[in-house]
């Protein structure tokens, strides 16, 4: 069975595939155009996909009828049309759990960085602008006892909430498709409506799975309802927030600050005016960028491919309904 991997992954994953006897195809150049990528996919039985450069939509599936399985090197699968995959009985694997701690670490880092204006102050040092002590200049805020609102209290959101509760004794509120009884029991998380979430959060952190219906959910009408001292954190998908609206909300002091590991668009332009603000911290989508998390992702993606190659069920499947036929 031929497996196309569009970018290099940690050796643990490729070694597992090779030991199973699968034929791995890597591109000569990882910076592929859409047409080049599609040509590689046409010749593969299965794909281990790294990144979200291209969409697995109806056009793709019609052009690549030989593809029988897709294993994503990610937990998110918003770049795959699951309905189209289901119609063709194609399982789509992902990599849940192994990056939950690493991604929540970044959300926690962003929360603190924004609260203390770390990026702004670091730039001052680099620019040689470390001036005399000014007791009123660019003050931060403390997080102790504040209210953390979680939008999407799944695995990553749970880790973020737990860290914040233990470190800063923050009150936890959340909005979810369903109740998270474990979070309610372990650290007193309170389920609230979306409207209550945005009005009551001192820090609002986004951790939900993105769907097209939620595009630009966090826009100026939402930011205007948030507290003026609120910090907006997004480590999920850039599509959740309208970036120009976020910029305006920060400039007009509708909210206090923002920390982003994902942007809209992504990657964002280096001359985006939002980067000039003192109350912003932006990272280049590094949520899973630890040795441990990336190795774990490689292992889970390989497990999905191997299970499929042996006629079994992917152990980490984003569309398990394909197995109910």
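What follows draws every value from the coordinates through simple rules; no lab data is involved. Keep in mind it's a predicted model, so treat the numbers as computed, not measured. Neighbour counts run over all protein chains shown; Cβ positions are idealised from the backbone, glycine included.
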Relative contact order of segment 100-282 (C-alpha contacts under 8 Å, at least 6 apart) in percent is 24 percent
Rounding to the nearest 10 and keeping the result within 0 to 90°, find how far the Cα-based axis of helix 100-115 lies from the longest principal axis of the chain. 20 degrees
Just the Cα atoms of segment 100-282: what Rg and Dmax do they give in Å? 15.9, 52
Gaussian network model of the chain, springs between alpha carbon atoms under 10 Å - residue of 27, 212, 135 with greatest fluctuation: 135
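Counting helices only, and only those DSSP H runs with n ≥ 4, report the 222 nm mean residue ellipticity of the chain as the sum of -39,500 (n - 2.57) divided by its residues, in deg cm²/dmol to the nearest 500.
One gets -10000 deg cm²/dmol as the mean residue ellipticity at 222 nm.
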Å³ per residue of the Cα convex hull, for segment 144-231? 82 Å³
Expressed in angstrom and ordered largest first, the alpha-carbon extents of the chain along the principal axes are 66, 47, 33
Sequence gap at least 6, Cα distance under 8 Å: using those rules, report the relative contact order of segment 192-235 to the nearest whole percent. 60 percent
For the chain, calculate the relative contact order in percent as a whole number, restricting contacts to Cα pairs under 8 Å that are 6 or more residues apart. 20 percent
Sort 185, 199 so that the residue with the fewest other Cβ atoms within 10 Å of its own Cβ comes first and the one with the most comes last. 185, 199
Shape category assigned to segment 252-325 from the gyration tensor of Cα positions, a/c cut at 1.5: prolate
Ranking of 256, 37, 130 by count of other Cβ atoms within 10 Å, fewest first: 130, 37, 256
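Could the peptides 307-313, 78-84 be put in order, highest first, of the mean number of other beta-carbon atoms found within 10 Å of their residues? Mind showing how you got there, number by number?
On the way: 307-313: 14.1, 78-84: 16.9.
The densest-packed peptide leads the list: 78-84, 307-313.
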